[in-house]
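The values are calculated or read from the model by the stated rules, or taken from the named source; none is laboratory data. Note that the structure is a prediction, hence the values are computed from the model and not measured. Reconstructed Cβ throughout: ideal geometry from the backbone, glycine too, with neighbour counts over all protein chains shown.
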């Protein structure tokens, strides 16, 4: 008979939850049911999204693991493993994913095994990723090799990645293609071996591979990170000669290069170039410009770019936003330049989403607001800080309040 889901308790009636203090051994997992109906699967997915207990989450996942409607859902797989990563439970990740590999009811296609490899990579479990790759039947493709290399990249195993790439054709039966080459280029640049990345880039035509825009972006980013402006400019000229279409990452590299040389106005001009070419700027584009103007001490221009960011939409039509670091950089610059109205706006925005800026910056903002007869705004910030600050930081914030010559 099909297992059913009851509203109370919040879990399938056929599941046995782990009890607190019990040993987490594989035989304690109840056998997964292959007879769950669509409504039951849907509820299990909802429970997985809401479940904070990693052991219970694993039991829920396992209960539906062999059902096509469940194992075909990439989003719920990624969410479940991400929650277990945050809970620091590699034991449960291994148990769930190894079951997917060994159970005869689950797919054994290259695409499905690539998903398992990627999830192991997200969890920084490279040995398990390599073991999953070994299960792929020959002939393997560059897609699966790329998945393995990405798993090694996410685990920070640059030397192993390079060795796997070099021996792929001989030992794994896969001739690396453009995608795998691009992963190696990224690895080399992240590992500080930009000269090696440049040499590989030059060798690609000899391997029968034509560098694509991703290849160029990887090496451009490497030159940028290394501070090699000559190499950066030379590669940009080559890209132009080849008439390759730059993408948002290419423009972000160009903007970063200009901002680093205190040419943020020129970098901002590239935003308009992008829009004219139907290329949507992303968060990195705006963060780079805001950071560049702040480093030049131009708070009003940084705020102008922030206003442009507020008008932008993401591809899913949601509002674009900066990240916490950029908000803090912008806030510091505004306070330093005495732009207290704008600084109040940015600080309030951070606190509305429970991001408490560094106390020293908030203290300087409060002193500026009080000095400029904006006591009401100072009180708003103090009240929001009291709500946002938690734990051990509460006493430190109270000390800051005590140092201000104002009664809140």
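Matching residues to (1) closer than 28 Å to residue 278 by Cα; (2) touching a helix residue (DSSP H, G or I) at 6+ places or on another chain (Cβ under 7 Å); (3) at pLDDT 95 or above:
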{"site": "194", "(1), (2), (3)": "no, yes, yes"}
{"site": "198", "(1), (2), (3)": "no, yes, yes"}
{"site": "202", "(1), (2), (3)": "no, no, yes"}
{"site": "215", "(1), (2), (3)": "yes, yes, yes"}
{"site": "219", "(1), (2), (3)": "yes, yes, yes"}
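Check 20, 30 and return the single one that is surrounded by fewer than 21 Cβ atoms within 10 Å (Cβ to Cβ), closer than 15 Å to residue 95 by Cβ and modelled with pLDDT under 90.
Within the list 20, 30, the selection yields 30.
Could we say that residue 139 is within 23 Å of residue 193 (Cβ to Cβ), assigned to a loop (DSSP other than H, G, I, E, B) and in contact (Cβ under 8 Å) with a residue 24 or more places away in the chain here?
Taking the combined requirement at face value, the residue does not satisfy it.
Restricting the first residue to region 280-299 and requiring it to be at pLDDT 95 or above, which pairs with a second residue that is crowded, with 17+ Cβ neighbours inside 10 Å and in a loop (DSSP other than H, G, I, E, B) meet a Cβ separation below 6 Å and a spacing of at least six or different chains?
Pairs found: 299/337; 299/339.
Just the residues that are assigned to a loop (DSSP other than H, G, I, E, B), without any contact (Cβ under 8 Å) to a residue 40 or more places away in the chain and either surrounded by 15 or more Cβ atoms within 10 Å (Cβ to Cβ) or more than 25 Å from the chain's Cα centre (by Cα) (or both), please, taken from region 85-109.
87, 89, 104, 107, 108, 109
Select from region 193-241 the residues that are surrounded by fewer than 13 Cβ atoms within 10 Å (Cβ to Cβ) and part of a loop (DSSP other than H, G, I, E, B) and write down the one among them that is nearest to the chain's Cα centre (by Cα).
227
Which of the residues that make up region 261-285 are more than 16 Å from residue 246 (Cα to Cα) and surrounded by fewer than 24 Cβ atoms within 10 Å (Cβ to Cβ)?
261, 262, 263, 265, 266, 268, 283, listed by residue number.
Under the condition of being surrounded by fewer than 12 Cβ atoms within 10 Å (Cβ to Cβ) and over 34 Å from the mean Cα position of the chain (by Cα), which residue from region 372-397 is nearest to residue 347 (Cα to Cα)?
376
Within region 268-287, how many residues turn out to be assigned to a helix (DSSP H, G or I), closer than 11 Å to residue 251 by Cα and under 20 Å from the mean Cα position of the chain (by Cα)?
Total meeting the criteria: 2.
Kindly establish whether residue 57 is touching a residue at least 12 places away in the same chain (Cβ under 8 Å), crowded, with 19+ Cβ neighbours inside 10 Å and more than 15 Å from residue 44 (Cα to Cα).
Criteria not met by residue 57.
So that you can scan it fast, the table gives a plain yes or no per residue for (1) surrounded by fewer than 21 Cβ atoms within 10 Å (Cβ to Cβ); (2) outside the structural domain of residue 257 (by TED's automatic domain parsing); (3) at positive phi:
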{"position": "292", "(1), (2), (3)": "no, no, no"}
{"position": "296", "(1), (2), (3)": "yes, no, no"}
{"position": "303", "(1), (2), (3)": "no, no, no"}
{"position": "310", "(1), (2), (3)": "yes, no, no"}
{"position": "327", "(1), (2), (3)": "no, yes, no"}
{"position": "341", "(1), (2), (3)": "yes, yes, no"}
{"position": "357", "(1), (2), (3)": "no, yes, no"}
{"position": "361", "(1), (2), (3)": "yes, yes, no"}
{"position": "364", "(1), (2), (3)": "yes, yes, no"}
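Tell me which residues, restricted to region 142-157, are in a helix (DSSP H, G or I) and surrounded by fewer than 19 Cβ atoms within 10 Å (Cβ to Cβ).
142, 143, 154
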